[in-house]
Amino acid sequence: MFFQGRKGQVTVFIIIGIIIVFTFAGVLFLTQSKVKDDLSTSADPIIADISQEFSPIQSYTENCLTQTGKRGLRILGDQGGYIHPSIVAEFSPTQQTDAQGLDLGSTQIPYWHYNSKPNGANEFSFTSHKPSMTVNGENPEMSIESQLARFVNEELATCLQGYQPFIEQGFIISSDEHHETEVTIGESSVNLWLKKNVDASLGDAEDSMDQFFVKLPVKLPRYYRIAQNITDIEAEYNFIERQALELIGIYSGTNPDQLPPVEDETFQLFSTVSWAEAEVKEEVKDLLVSNVPLLRYLGSDNFYRYEYQPTAASVIDYSQLHQKNYDNSILPLEGAEGLDISFDYFGWEPYFDATDKGGSIQPTTVSINYHFLQYAVQHYHTSYDISYPVLVTVTDPSAFNGEGYTFTFALEANIRNSKIVDPERILPQPVAALQQSMVCDQDKRNTQEIRTIVIDSSTKEPIDAVQIGFSIPDQDNCVLGITNIDGLFEEQYPSVLGGIGSYMKEGYLTNFYPIDTYQYQDSPGIIGYAVSARPEPVIELHPYKEVNISVQKKTLQKCIGDTCYGQGIFSGGEEVFGYVPEQRETRHSWRFVNAAQLLTEDETAVITLQRKEDTTPGIYGDDYTTAVTVTGDGKLSARLVPGRYAVTGLVTSEAPITIPKEERCTDGLLGQCYDLAAITLDQSLTGQLSWEDEQYYLDITPEQLYGSEEIVLYVLTHELQNVPERTNRRVIEDLQVAGELGRLSQELRGSLNPVFR
């Protein structure tokens, strides 16, 4: 009886165990057959298994979900976190700083920090259009999560096309027009959870799907935090405004070729110096265009520190001053490893106002006359009121599995009365610096008369009203006078070794001439150099010339063996670059075709010309840089002077280019095959010039420039887009050619000379 009782107990336990096992299995099956009710960033949903014949429909839906989500993310990234920024902000393409964001035509970027009051008002109110990241933020409807979810809901149907590709294959598919997308943003991915009923059948087989899930590999919270850090630093420390004020301080002075000073005084009976406010505004814009990109994020991958080298002893050394300005543009921020962060100002119309009299900025004269004593002070005071936008771009090259991603936002800089606008803090008034002239005083000019004639380098005619300056490095600067109607200036100079004469006139590049006036203590002399068709030495000034710039391309064509791929142009030029793709035997080469083509509508060229020296040795001109941006067959007017130029250029294409998926196999007994995933570039570098070394400089002579109405610049480009998008035709190694264009533009320098028309 005891044994029988024990046996009965064991049987009962076995039955209970079987029930528990089947119950657990059932729960597990049900759990795996539906998406978890709560989706979080730490737990992904589990999607029901789909039979093999219907899995392509599931993949197709998930691919559309991925592509639509990526498109929405890129729009958000380009527009400061907004799909439709016009809902939250007002924009103006002509008055960027009286609006609430930056209008770039195709894109609109709300300011993350700006003054909401009108520019002419005496009050300021700083606010932000920075969106919240999640639906739990301050404005859930306009959070990035909510915007992306709405975008996917609205645009997904366009991609799905009613599953027409499958219907054409014999599938019977019915799906709800209504669907719901939930977006959650995690640290390493943006997760999209689509709820949509899809019923499919093929023959006797049928299946249903109601939920889909994808993860987009983009670290959006990281870019958002970086952008927020930059915004907070700007709001707290005004680093953008500080850079602008420092530039004004460096490039201002009482010389008409400089910016008008905030505060300064000179001891002169009268002043011939004045500035046109409109021209000052353009000079400030040029400074910002050149210097805003020098702002750098210390902890970013594209951070670098350039060290300025001392200039030659015969010219004024500004290297330390430039180095100080450069180093002051470094933001001491970290945490952006693997990211590129850039700051840009592309010449958008700023708000600009300065102390003026009918558009003219000039000093105030304070005079004292007592018997034979005459005394005067020229007081310079300029109140700079400036507002301008700055575009900040955070780039992650590794996002989307190497496709890359950019997050862009805008900030507004505000300066009033030459000071940073800060409603909570009153800055001290600037202290006027008195610059007393000692060496340049009239009683220190102890040479005999020195004669100078200044002429136009284009016409060879004399130039009147040229301001003659004289400087002693690290000691003093002075204005001696102006040339007469014959371009003549005769005057006594201070007797010094290592002096520098300067020759300035509006519309001309400032010229410098090293001179030791000490040699003229006992006898008169002439300053100048020999010029053809002139009987005596003269000083030439180069007038600025407005000339049209167009850009054409000379291409590299890809060849595989003896087959070359071009666009109706004879193939078979000189091979300049080649390789044998890994695990392949056929050589792939790039050949130079010395034939000019127009840029396509998708291509944009950005060319920078930096004047390094005069075409005549021993003549020193002021620094001068110009940049042009040309799209397609367009032309752009630019202002140039003769000289030797370092030239850099980039051509980018907006036409997407794809490297198809490819299988590679290794040889040998242990040979293996593997897939190289397809790569699609939405924007690519197609051309480059790199003539930054002296041996590659571009010489523009007076005869060439002043006799031309147009200059055609040639950029070396590749034609990967003309290679068939097929496996083993376009290969991953082809992307190397973009990195070789700069070097090849040097090797092919002689074939890329511009044409002057």
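The values are calculated or read from the model by the stated rules, or taken from the named source; none is laboratory data. Just so we're clear, the structure is a prediction, and the values are computed from it rather than from any experiment. All Cβ positions, even for glycine, are placed from backbone atoms using ideal geometry, and neighbour counts span all protein chains on display.
Just to be sure before I move on: is residue 96 buried (at least 17 other Cβ atoms within 10 Å of the Cβ), of a type outside the set (A, V, I, L, M, F, W, C), modelled with pLDDT of 90 or more and part of a loop (DSSP other than H, G, I, E, B) in the structure I sent? In short, yes.
Could you list, in sequence order, the residues of the stretch 186-209 that are surrounded by 17 or more Cβ atoms within 10 Å (Cβ to Cβ) and in a strand (DSSP E or B)? Scanning the stretch 186-209 gives 190, 191, 192, 193, 194, 196, 198, 200, 202, 207, 209. Of the residues making up the stretch 186-224, those that are within 16 Å of residue 68 (Cα to Cα) and in contact with a helix residue (DSSP H, G or I) (Cβ under 7 Å, 6 or more places away or on another chain) are 190, 192, 194, 212, 214, 216, 217, 218.
For the stretch 509-536, a tally of residues being free of Cβ contacts under 8 Å to residues at least 60 places away in the same chain and over 20 Å from residue 446 (Cβ atoms) returns 3. Go through the residues of the stretch 128-141 one by one and say whether even a single one is touching a Gly at 6+ places or on another chain (Cβ under 6 Å) and either part of a loop (DSSP other than H, G, I, E, B) or assigned by TED's automatic domain parsing to the domain that holds residue 66 (or both). Taking every residue of the stretch 128-141 in turn, at least one turns out to be touching a Gly at 6+ places or on another chain (Cβ under 6 Å) and either part of a loop (DSSP other than H, G, I, E, B) or assigned by TED's automatic domain parsing to the domain that holds residue 66 (or both).
Within the stretch 468-500, restricting attention to residues that are in contact with a Pro (Cβ under 6 Å, 6 or more places away or on another chain) and not charged (D, E, K, R), the residue that is nearest to residue 534 (Cα to Cα) is 487. In the stretch 743-757, the residues that are outside the structural domain of residue 596 (by TED's automatic domain parsing) and touching a residue at least 40 places away in the same chain (Cβ under 8 Å) never reach a residue that is of a type in the set (A, V, I, L, M, F, W, C) and in a loop (DSSP other than H, G, I, E, B) with C-beta atoms less than 8 angstrom apart, at least six apart or across chains. Identification of strands (runs of 3 or more DSSP E) wholly contained in the stretch 638-757 with 1 or more residues that are at pLDDT 90 or above yields 643-653, 657-659, 684-691, 698-700, 710-718. Restricting attention to the stretch 105-133, the residues that are within 25 Å of residue 148 (Cα to Cα), modelled with pLDDT of 90 or more and not aromatic (Phe, Trp, Tyr) total 12.
If you filter the stretch 691-703 down to residues that are free of Cβ contacts under 8 Å to residues at least 60 places away in the same chain and surrounded by fewer than 19 Cβ atoms within 10 Å (Cβ to Cβ), you find that the one that is farthest from the chain's Cα centre (by Cα) is 703. Pairing each residue of the stretch 234-253 that is within 13 Å of residue 384 (Cβ to Cβ) and touching a residue at least 40 places away in the same chain (Cβ under 8 Å) with any residue that is of a type in the set (Asp, Glu) and assigned to a helix (DSSP H, G or I), provided the two are 6+ apart or on different chains, yields C-beta distances under 9 Å for 241/234. The set of residues in the stretch 630-651 that are at negative phi, within 20 Å of the chain's Cα centre (by Cα) and either surrounded by fewer than 15 Cβ atoms within 10 Å (Cβ to Cβ) or outside the structural domain of residue 598 (by TED's automatic domain parsing) (or both) is empty.
In the stretch 159-180, the qualifying residues are those that are in contact (Cβ under 8 Å) with a residue 40 or more places away in the chain and either over 14 Å from residue 53 (Cβ atoms) or part of a helix (DSSP H, G or I) (or both), and the one that is farthest from the chain's Cα centre (by Cα) is 166.
Listed here are the residues, each with its yes/no results for (1) at positive phi; (2) of a type in the set (A, V, I, L, M).
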site: 477; (1), (2): no, no
site: 485; (1), (2): no, yes
site: 506; (1), (2): no, no
site: 516; (1), (2): no, no
site: 519; (1), (2): no, no
site: 528; (1), (2): yes, no
site: 539; (1), (2): no, yes
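Filtered by the rule that a residue be assigned to a loop (DSSP other than H, G, I, E, B), surrounded by fewer than 19 Cβ atoms within 10 Å (Cβ to Cβ) and among the β-branched types (Val, Ile, Thr), the stretch 459-501 gives 459, 485. Residues that are in a strand (DSSP E or B) and surrounded by fewer than 19 Cβ atoms within 10 Å (Cβ to Cβ) are absent from the stretch 223-233 altogether.
In this structure, does residue 106 turn out to be among the hydroxyl-bearing types (Ser, Thr, Tyr), surrounded by fewer than 17 Cβ atoms within 10 Å (Cβ to Cβ) and out of contact with any Gly (no Cβ under 6 Å at 6 or more places or on another chain)? Taking the combined requirement at face value, the residue satisfies it. Listed conditions (1) more than 30 Å from residue 711 (Cα to Cα); (2) of a type in the set (Val, Ile, Thr); (3) at pLDDT 90 or above are all met by residue 539, apart from (1). Out of the residues in the stretch 608-626 that are in a loop (DSSP other than H, G, I, E, B) and charged (D, E, K, R), which is surrounded by the fewest Cβ atoms within 10 Å (Cβ to Cβ)? Here the answer is 623.
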